[in-house]
1. Could you list, in sequence order, the residues of the stretch 79-119 that are touching a strand residue (DSSP E or B) at 6+ places or on another chain (Cβ under 8 Å), touching a residue at least 40 places away in the same chain (Cβ under 8 Å) and either on the phi > 0 side of the Ramachandran plot or among the hydrophobic types (A, V, I, L, M, F, W, C) (or both)?
2. Residue under question is residue 259, and the condition is that it be in contact with a helix residue (DSSP H, G or I) (Cβ under 8 Å, 6 or more places away or on another chain), in a strand (DSSP E or B) and open to solvent by 50 Å² or more (accessible area, probe 1.4 Å); does it hold?
3. With the condition kept exactly as written, say whether any residue in the stretch 30-42 is acidic (Asp, Glu), farther than 30 Å from residue 134 by Cα and touching a strand residue (DSSP E or B) at 6+ places or on another chain (Cβ under 9 Å).
4. So is residue 122 farther than 17 Å from residue 301 by Cβ, part of a helix (DSSP H, G or I), of a type outside the set (A, V, I, L, M) and touching a residue at least 12 places away in the same chain (Cβ under 8 Å) or not?
5. Among the residues of the stretch 222-240, what is the count of those that are within 18 Å of residue 183 (Cβ to Cβ), open to solvent by 10 Å² or more (accessible area, probe 1.4 Å) and part of a strand (DSSP E or B)?
6. Restricting to the stretch 14-47, count the residues that are open to solvent by less than 60 Å² (accessible area, probe 1.4 Å) and of a type in the set (Asp, Glu).
7. Give the stretch 125-147 a look and list any residue that's in a loop (DSSP other than H, G, I, E, B), in contact (Cβ under 8 Å) with a residue 24 or more places away in the chain, open to solvent by 20 Å² or more (accessible area, probe 1.4 Å) and more than 17 Å from residue 298 (Cα to Cα), or say none.
8. Quick one: how many residues across the stretch 243-256 are over 16 Å from residue 166 (Cα atoms), open to solvent by less than 60 Å² (accessible area, probe 1.4 Å) and aliphatic (A, V, I, L, M)?
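The values are calculated or read from the model by the stated rules, or taken from the named source; none is laboratory data. Keep in mind the model is a prediction, meaning the values are calculated, not measured. Here the Cβ positions follow ideal geometry from the backbone for every residue, glycine too, while neighbour counts run over all protein chains shown. SASA here: full protein model, heavy atoms, side chains in, ligands and nucleic acids out. Shrake-Rupley method; radii C 1.70, N 1.55, O 1.52, S 1.80 Å.
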Amino acid sequence: MRLEQLQAFLAIAETGSFQKAAGKCGVTQSTISRQIQSLEADLGVELFHRTNHAKLTLGGERLLPRARKICQEWDTATQELADLVAGKQPELCVAAIHSLCGSYLPPVLQKFCRDYPDVQLRVTSLGSDRALKVLKDGLVDLAIVMNNRFLITGREMVVQMLYDEPIEVLTAANHPLAQYERVPWPELVRYPQVVFKDGYGMQRLVQDKFERLEATLQAALEVNTLDAFRGVVRQGELIALLPTSALVEARLDPTLAVRPLANSGVGSENSGLTRRVVMVTTQDRLQIPPIKHFWQLVQENIPPLMEQQRSAS
């Protein structure tokens, strides 16, 4: 059974004539006749009484509502796909790490909303692992995350490197580490820390660094929001290692101090600690106009903002 056979069947049922149905479908009457004969052969039942007026048989009457539903579903599906290719999708879903949502991403969101006012933009703050999971599950269209080569493999994945940024130390203004211009690692490892929960790239990055230093990470508390980090560190005892983009508000808070890390002296490393932020989607999604436009906006705007932030700090 083919779709054009059902369409021919509906055309005859609606017009009451093989000839009129052929005109409606844009084919010859002999083509319409062959399609109905083939359909009847597949179903094992006659669909029309062959008289001056093509009248439905009992079998044809039973098929009619089903055929209408199938063809309506097909019309809906093809229209939805045409709208998708034309950029008329109802929404665009983005998952991004917390630091970008609060710093570099808002100007991009504003520009996208102006360019695509009919597309509902939905942005969710998630840890990198979770963001990549929902991308792979098809729940979001695009993810901006901390690089993890083990989670972004696959031929269908498209990965764009956005920037590298340093990891810095957040302390209370009166904390002993705040006296340093650059915090030495031997001093830093002495203090308990506030860390991200499991599933966050930063948690693994910090843990791996401590292991290379053959030091013990004193993880006193796990949180997952930047407000929580600032609130806990402000109390004066705990410290935190956070990326530059997560420390925009902390730099403006007189009760907090942000300090860069000194060289660790481990291996060939000549900087304290850095992380790489990437943007990820799939090949098929990047063909859709709104997603492609959002991708381009991020590429065009987030690296310049990163440079401005570095200059300001």
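1. Passing the criteria: 92, 93, 94, 95, 96, 97, 100, 105, 112, 119.
2. Criteria met by residue 259.
3. Looking through the stretch 30-42, at least one residue is acidic (Asp, Glu), farther than 30 Å from residue 134 by Cα and touching a strand residue (DSSP E or B) at 6+ places or on another chain (Cβ under 9 Å).
4. Taking the combined requirement at face value, the residue does not satisfy it.
5. 0
6. 1
7. Answer for the stretch 125-147, where residues must be in a loop (DSSP other than H, G, I, E, B), in contact (Cβ under 8 Å) with a residue 24 or more places away in the chain, open to solvent by 20 Å² or more (accessible area, probe 1.4 Å) and more than 17 Å from residue 298 (Cα to Cα): 126, 139.
8. Residues flagged as over 16 Å from residue 166 (Cα atoms), open to solvent by less than 60 Å² (accessible area, probe 1.4 Å) and aliphatic (A, V, I, L, M) within the stretch 243-256 amount to 1.
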